[in-house]
Amino acid sequence: MRYLGSKTLLVNQIERLVFQCCEKGVFFDPFGGIGTVGSHMKKAGFRVISSDLLLFAHYFQKSKIECNYLPDFGNLMPKMREPEKMESYMNSQVQKDGWLVEEYAVKRKYFTLENAYAIQGCIDQIWEWRAQESINETEYAILIASLIQAMDCVANTAGTYYAYLKEFYRKAKNKFMFRLMSPIYGDKDCICRHGDANELIKEFSCDVLYLDPPYNERDYGSYYHLPETIANGKVPKPKGKSGVFSDGRTRSLYTIKSQAEAAFCDLVHNSKSKYILFHYTDEGLIPIEGARNILRNIGRTEEYYFNCKGYHTTTDDRKSKHHIFKVDRT
Ligand SMILES: C[S@@+](CC[C@H](N)C(=O)[O-])C[C@H]1O[C@@H](n2cnc3c(N)ncnc32)[C@H](O)[C@@H]1O
C-alpha cells in the first residue's frame, strides 16, 4: 500500500545509518506508519518497537512486525484455518447492502459497485467474528490490515482517501482480491503499540530511536479516514463531497505549525536512547534552527542528505532532499 511520507525507497540508506550506530539491539520507530522501516529493521536483525496514532497503521505494524507467523484462527471453523482457505472464504463474501456500498460506491465513486459488494462482505464478516469473540486481537489486526491492503489496490483514488477520481481509473476496475498479509519471520520479541509517540517515548529505552513525524499540515486521520473507520469497527457518518469521517479524534501536534516544535522538543527530552536518527524535511513545520538546537543540546549531531524520489503528492515535493540528523548520546 502506498503511504504518505513513506520511506520505502530509503530503507537501505536508513539501515546504513543505523548500522553506523550499532549492529544489533533495540530499534524504536514511534511514528512507524504502516511499518515500512520497522519491518526492514526487523529483517536486519533488530528487536523493533513501533507505534502510530492511527489504529489501521498500528494493525499493519502488528501484522508485519509483532507477529512472527500467521495466527491459527483456532476458534473459526477448520475450513478457515489454512491461509488459502481463509483467502478463498473471504473472496466468496458478497454484501450488497451496507454503509460502504452506499456511501463510498453509490454516492461517491471510491469503488466500483462489484468491488464494494465484496469489500462490504469482508468487513461485515470480520466485524461479526470480533463481536462474537471468535477471533482475538492479533487475528482481527491481520484480517483488517489484509483487507485494507487489498481494498487499496482497487480504490479509485490518487493515493489517499481525501478524494476520489471523477472517472474509474484502471486500478479501480481490477477485481478485488483478499490476500492475507505475511508477517516478517523473526525470533525477536517485537512490540507494536497504538498511541501518541510523546506518551510512549516515556515507556521504552532503545539503542536507536528513529523519528519520522509528519512534516506538514496534512492530517493523516483525514487522508486515511476510510481505512481508519474499518479498523475502528464502527459504522461512520461521512460528510461532504469526499465523505471524510473524523469521529472526533484529536489532530497530531506535529501537523500544527504553532505546536510541532514544542512537541518535538518534549519528545526528544523524554527519550531514552543511545542514538537518535531524525528524518527531517526541509520546508517542514519544525524550523531547521529549532531542530538543530534541540538535538545539539542532547548529543553530538551530524547531518546527512539523501536524494530520493519517494512517494509524495506534488511534483515539487519529488525534488526535495531527505535530511537526516544523527545524534550520538553515548
Ligand atoms: C511520515 S509518516 C511515517 C512514515 C513511515 N516512516 C513510513 O516509512 O511509512 C508519519 C506517521 O506519524 C503518525 N503520527 C502523527 N502524529 C503522531 C503522534 N503524535 N504519535 C504517533 N504517531 C503519529 C502518522 O499517523 C503517520 O503514520
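At-a-glance table
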item: Criterion (touching a His at 6+ places or on another chain (Cβ under 6 Å) and within 30 Å of Gly45 (Cβ to Cβ)) met by exactly one of Asp196, Asp212, Asp207; result: Asp212
item: Hits in the range 255-289 (condition: within 19 Å of the chain's Cα centre (by Cα) and more than 20 Å from Thr301 (Cβ to Cβ)); result: Thr255
item: Any hit, the range 271-285, residues being more than 15 Å from the ligand (Cβ to nearest atom), exposed (fewer than 14 other Cβ atoms within 10 Å of the Cβ) and modelled with pLDDT under 95; result: no
item: Helices (runs of 4 or more DSSP H) lying entirely in the range 1-64 (those with 2 or more residues that are more than 10 Å from the ligand (Cβ to nearest atom), surrounded by fewer than 19 Cβ atoms within 10 Å (Cβ to Cβ) and of a type in the set (D, E, K, R)); result: 11-21
item: Residue that is within 26 Å of Thr36 (Cα to Cα), of a type outside the set (A, V, I, L, M), touching a strand residue (DSSP E or B) at 6+ places or on another chain (Cβ under 8 Å) and away from the ligand (no atom under 16 Å from the Cβ), where the choices are Ser222, Ser205; result: Ser205
item: Scope the range 150-201; condition under 28 Å from Glu139 (Cβ atoms), within 16 Å of the ligand (Cβ to nearest atom) and among the aliphatic types (A, V, I, L, M); matching residues; result: Met181, Ile184, Ile191, Ala197, Leu200
item: Among (1) surrounded by 14 or more Cβ atoms within 10 Å (Cβ to Cβ); (2) touching a residue at least 40 places away in the same chain (Cβ under 8 Å), the one test that Glu261 misses; result: (2)
item: Residue check for Leu70: away from the ligand (no atom under 15 Å from the Cβ), under 15 Å from Ala145 (Cα atoms), part of a loop (DSSP other than H, G, I, E, B) and among the aliphatic types (A, V, I, L, M); result: yes
item: Output for the range 202-243, where each listed residue is surrounded by 23 or more Cβ atoms within 10 Å (Cβ to Cβ) and among the hydrophobic types (A, V, I, L, M, F, W, C); result: Cys206, Val208, Leu209, Leu211, Leu226, Ile230, Ala231
item: Check on Lys188, in contact with a strand residue (DSSP E or B) (Cβ under 7 Å, 6 or more places away or on another chain) and surrounded by fewer than 17 Cβ atoms within 10 Å (Cβ to Cβ); result: yes
item: Residues located in the range 141-167, provided they are assigned to a helix (DSSP H, G or I) and of a type in the set (D, E, K, R); result: Asp152
item: Criterion: out of contact with any helix residue (DSSP H, G or I) (no Cβ under 8 Å at 6 or more places or on another chain), of a type in the set (S, T, N, Q) and either modelled with pLDDT under 95 or buried (at least 16 other Cβ atoms within 10 Å of the Cβ) (or both) - qualifying residue of Asn115, Asn91, Asn75; result: Asn75
item: Pairs with Cβ under 7 Å, 6+ apart, first in the range 187-205 and closer than 19 Å to Tyr59 by Cα, second within 8 Å of the ligand (Cβ to nearest atom) and among the polar types (S, T, N, Q); result: Cys192/Ser51; Arg193/Ser51; His194/Ser51; Gly195/Ser51; Ala197/Ser51; Leu200/Ser51
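The values are calculated or read from the model by the stated rules, or taken from the named source; none is laboratory data. All values derive from a computational prediction rather than experimental measurement. As a convention, Cβ positions derive from the backbone with ideal geometry for all residues, glycine included, and neighbour counts pool all protein chains shown.
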